[in-house]
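Participant: Right, I'll just put the structure down here and ask away after.
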Amino acid sequence: MNNNYQNLVRWLEEISRLNGVMSTIAWDQEVMMPAGAADARAKQIAALAGVIHERMTNPALGECLDELHNHLGDFDAIALCNIQEARRDFDLMTRIPNQLVQALAELGSRGHTVWVRARRENKFSDFAPVLDEFLKLKKEWAACAFPDLTTYDANIDQFERGTTAAEIAVIFEQLKDTLIPLIHEIKEQSYQPDTTFLHGHFPVEKQAALARKISENIGFQYDKGRMDVSVHPFCGGSHPTDVRITTRYNESDFVESLYAVIHETGHALYEQGRMLEFGDLPVSESLTMGIHESQSLFWERMIGQSREFCTHYFATICEAFPGNLKRATVDSFYQAINACAPGFIRVEADELTYPLHVILRFEIEKGLFDGSVAVADLPEVWNEKMDTYLGIKPPTDTLGVLQDSHWSSGAFGYFPSYTLGAIYACQFYKAMQKELPDTDKAIESGNFKPIKDWLNENIHSQGRRNSPQELVLRIAGEPLNPQHLIDYLKTKYRALYRLA
């Protein structure tokens, strides 16, 4: 059995390294690749996806797993996790035809290029055919991969294993019932924080230096990572020793880029905190995207937008932009960066309106898969929901339905993870505060090591040894509970806006 397991390890390591190559060329496509190489890159990605699929579905791998399955009691928890994850992936991938895998990979590469151009030129009609093709392929994929699930549940399972649209809808209805009235109450409140000093001219080079400093202070290791610019901020890379984050800069708004970097640094710390000795094996990989998003939102929202964080970095930020913030105080800065101002762009949304951006996308995706929403009607449906939930209508598709990159790569079912992640983040933060009662003082003094260490020990280094449900139960003492996010937002924003 030991020989069989060692053979499995070598097999899995090769697959992981090939996936690392795929991640690197996908990163290159978004950051450095010349635009003229788009067609060639799409074909390269399709070819590599085909090779990976062949490796993952090789009958010899299946025979190895069959042998191991008969002796599961002989292995420790690490090996058992690797065997079970490999079995799941093998069974899933053998249900998917190789040509479908390649078609999805090529469309994802080509679709990204089409989306970038359509977004820049505000032409949804150019992107609509990509969406139509993706929906056709993703329905075909779902029928092969999870024939017992609805097509949308099958796509959600890729990001939130074991979670259904029906379960998510219950949570999202709870959030809507609280957040929509609270946002309306805030809008009618006479007191509104001053945010004018957050607008002006903020040189890109100073924004980049500030973002790098703060991400490094939080714990991002630049000898094992890098930061670049892309159309849409993301975290990528090929290994815990090669983690890459991106942001985008707006010379009239430094907050957007800074908090995008803090957000992506949260993702990066998860990747850099994985079990290095098992870095090419399934046991070390991250859990669901909801858990991954909990880490980015943990740093961006729970820490980065706290009063203590603002207190610590206020002087540093003023030093970077002395002319802009001369009227601000720590308190006014804290209020300004947390102001509730319904806007068009999800990644720029405050934490009170952000869940509604996610809910809108979830409801649209659900409609696309059940046939109640047509691709041609997407801009209209999008704008109507924006008006209903946030009281605003995007003036262009660039500021509306074309703003996110997810659909250009076929990542349907991803969006719910953002708000599930916000719920996890609240629960994890409360649990950490019980174990580290001096957390607020540590943040105010700029000592982030105890926080990073706690996350490394309890989440990052745990890999896939627990399910998400087991992980949150072990850390928080209860299952996923949206009431924590609701209570956190109500308490914070009623105080911030001086509501009774």
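Participant: Nearest 5 percent is fine: what portion of the DSSP beta bridges confined to the chain is antiparallel?
Facilitator: DSSP beta bridges in the chain are roughly 45 percent antiparallel.
Participant: Within the stretch 197-226, what residues put their amide N at less than 15 Å from the label point 7 Å along the Cα-to-Cβ vector of S23?
Facilitator: Label zone hits: 221, 224-226.
Participant: Here's another thing I want to ask about it. Under the definition of Cα pairs under 8 Å and six or more residues apart, what whole-number percent is the relative contact order of the chain?
Facilitator: 20 percent
Participant: Say each of E13 and N458 gets a label point 7 Å from the Cα, pointing the same way as Cα to Cβ; how far apart are those two points in nm?
Facilitator: About 3.4 nm, to one decimal.
Participant: Now for a different question. Using a cut-off of under 12 Å, list every residue of the stretch 1-41 whose amide N is near the label point 7 Å from the Cα of N58 along the Cα-to-beta-carbon line.
Facilitator: Correct set: 7-16.
Participant: On to the next question. On a 0 to 90 degree scale, rounded to 10, what angle separates helix 449-458 from the longest Cα axis of the chain?
Facilitator: That helix lies at roughly 30 degrees to the long axis.
Participant: Compute the FRET efficiency between D148 and N98 as 1/(1 + (r/R0)^6), taking r as their Cβ-Cβ distance and R0 = 25 Å, and round to the nearest 0.05.
Facilitator: After rounding, the FRET efficiency stands at 0.65.
Participant: Between K393 and L80, what FRET efficiency follows from the Cβ-Cβ distance if R0 is 56 Å, with the result rounded to 0.05?
Facilitator: About 0.60, to the nearest 0.05.
Participant: What lysines sit close enough to K393 to cross-link, taking a C-alpha to C-alpha distance under 24 Å and skipping anything fewer than 8 places away on the same chain?
Facilitator: Result set, ordered by chain and number: K123, K176, K187, K366, K385.
Participant: Right, another one. What percentages, rounded to whole numbers, describe P(r) for the stretch 327-456 computed over all alpha carbon pairs with 5 Å bin width beginning at zero?
Facilitator: The calculated distribution, bin by bin, is 2, 9, 15, 17, 15, 13, 10, 9, 7, 3, 1.
Participant: Report the trypsin sites (Lys or Arg not before Pro) located in the stretch 318-370 that are in a DSSP loop and have at most 15 other Cβ atoms inside 10 Å of their Cβ, or state none.
Facilitator: Passing sites in the stretch 318-370 are K326, R327.
Participant: FRET efficiency for Q433 and K224, Cβ-Cβ distance as r, R0 = 22 Å, nearest 0.05?
Facilitator: 0.15
Participant: Now, a different point. Kirkwood hydrodynamic radius, the stretch 2-147, all distinct C-alpha pairs: what's the number in Å?
Facilitator: It is 17.2 Å.
Participant: Name the long-range amide H neighbours of V243: under 5 Å, sequence gap of 5 or more, or other chain; modelled H, no Pro or chain starts.
Facilitator: G225, R226
Participant: Quick one: go through the stretch 293-315 and flag any residue whose amide nitrogen is under 19 Å from the point 7 Å out along the Cα-to-Cβ line of A209.
Facilitator: Flagged as within label range: 313-315.
Participant: Let me ask something else about it. Among the lysines, select those whose C-alpha is under 30 Å from the C-alpha of K213, and discard any that sit fewer than 8 residues away in the same chain.
Facilitator: Straight-line reach from K213, under 30 Å: K224, K326, K430, K434, K441, K449, K452, K492.
Readers should treat all values here as calculations from the given coordinates under stated rules, not as data from a laboratory. All values reported here derive from a predicted model rather than from experimental measurement. Here the Cβ is made from the backbone with ideal geometry for all residues, glycine too, and neighbour counts use every protein chain on show.
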